[in-house]
Amino acid sequence: NAGVTQTPKFRILKIGQSMTLQCTQDMNHNYMYWYRQDPGMGLKLIYYSVGAGITDKGEVPNGYNVSRSTTEDFPLRLELAAPSQTSVYFCASRSLVGGVGTEAFFGQGTRLTVV
Amino acid sequence: AQSVTQLDSQVPVFEEAPVELRCNYSSSVSVYLFWYVQYPNQGLQLLLKYLSGSTLVKGINGFEAEFNKSQTSFHLRKPSVHISDTAEYFCAVSDIAAGNKLTFGGGTRVLVKP
């Protein structure tokens, strides 16, 4: 059981380039999330999804896009990378049991540097 | 909007001493609370959770937390820490009224000294 898998683990981008961070989960979870983690700032929610075909913005969505065509996959797209997007990105998933959200399971993270 | 405040950004503590990490939240009536731990260069791992029932919740590695509804707090405690408890700890809240978004606090870095 792989859980939540993120690729790549590390990436260096030049300013203005674009890339897609991949996230896949094999637990059949409805909810999926993308966070970014900056030193001393905790985790900030970028986008989340409550199921295939449904996505919504979090606290810091500018400069990012997401799609959710399947239950398993939730890719995060960066267009026109900027140095402010240098961060560690985490994908997470969770399920609802009787309407109650259970704990989230996290991937190992993607460390992105924009130069 | 729901929010989480971790009152201490860093907590130095000696080995075998007790530690308490403070967490306060702002949300509606029905909240679900979590504590996660992050070891260096790793993802987040669940320590414990409060969904309902007893307000004292026991987790892994000897940690426990107490849900206090009147004070909107969910403080994490361990009676005796080990060097291996050196890590960053995150409190998180989830609220049905907020679409089940999972909101994290800023984290508390625990440094256990020998």
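None of the figures in this text is laboratory data; all of them are computed from the coordinates on show. Computed from a predicted model, the values in this text were never measured in an experiment. Glycine also receives a Cβ, built like all others from the backbone with ideal geometry; neighbour counts cover every protein chain displayed.
A few comments on the model shown:
- For chain B, modelled as a GNM whose springs connect Cα atoms under 10 angstrom apart, the maximal fluctuation among B:Leu47, B:Leu56, B:Leu33 occurs at B:Leu56.
- Zone residues, region B:75-103, relative to B:Glu15, backbone N less than 17 Å from point 7 Å out along Cα-to-Cβ: B:79-87
- Remark: C-alpha extents of region B:1-52 on the principal axes read 38, 22, 20 Å, sorted largest to smallest.
- DSSP-defined antiparallel bridges as percent of all bridges, region A:4-114, nearest 5: 90
- Largest GNM mean-square fluctuation among B:Pro79, B:Pro18, B:Pro40, using chain B with Cα springs under 10 Å: B:Pro40.
- Reach of A:Lys9 by Cα under 18 Å, taken over aspartates and glutamates that are not fewer than 8 positions away in the same chain: A:Asp38, A:Asp73
- Model label sites at A:Thr7 and A:Thr113, defined 7 Å from Cα along the beta-carbon direction, differ in position by 2.3 nm.
- When only Cα pairs below 8 angstrom with a gap of at least 6 residues are kept, chain A shows a relative contact order of 35 percent.
- The protein assembly as shown, Rg to Rh (Cα coordinates; Rh as Kirkwood inverse mean 1/r): 0.97
- Mean separation of Cα pairs under 8 Å and 6 or more residues apart, divided by the residue count, gives region B:3-113 a relative contact order of 38 percent.
- For chain B, a Gaussian network of Cα nodes joined below 10 Å ranks B:Lys69, B:Lys49, B:Lys78 by mean-square fluctuation, and the top entry is B:Lys69.
- At 0.692 mPa s and 37 °C, Stokes D of chain B from Kirkwood alpha-carbon radius, µm² per second: 233
- The lysines within cross-link reach of B:Lys58, meaning a Cα-to-Cα straight distance under 29 Å and a gap of 8 or more places when in the same chain, are A:Lys44, B:Lys49, B:Lys69, B:Lys78, B:Lys101, B:Lys113.
- Hydrodynamic radius of region A:4-114 by the Kirkwood approach over all distinct alpha-carbon pairs: 13.9 Å.
- Panel order for A:His29, B:His82, by other beta carbons found within 10 Å of each beta carbon, from fewest to most: B:His82, A:His29.
- With the simple spin-label model, which puts each label point 7 Å out from Cα in the Cβ direction, the A:Arg77 to B:Gln45 separation comes to 3.6 nm.
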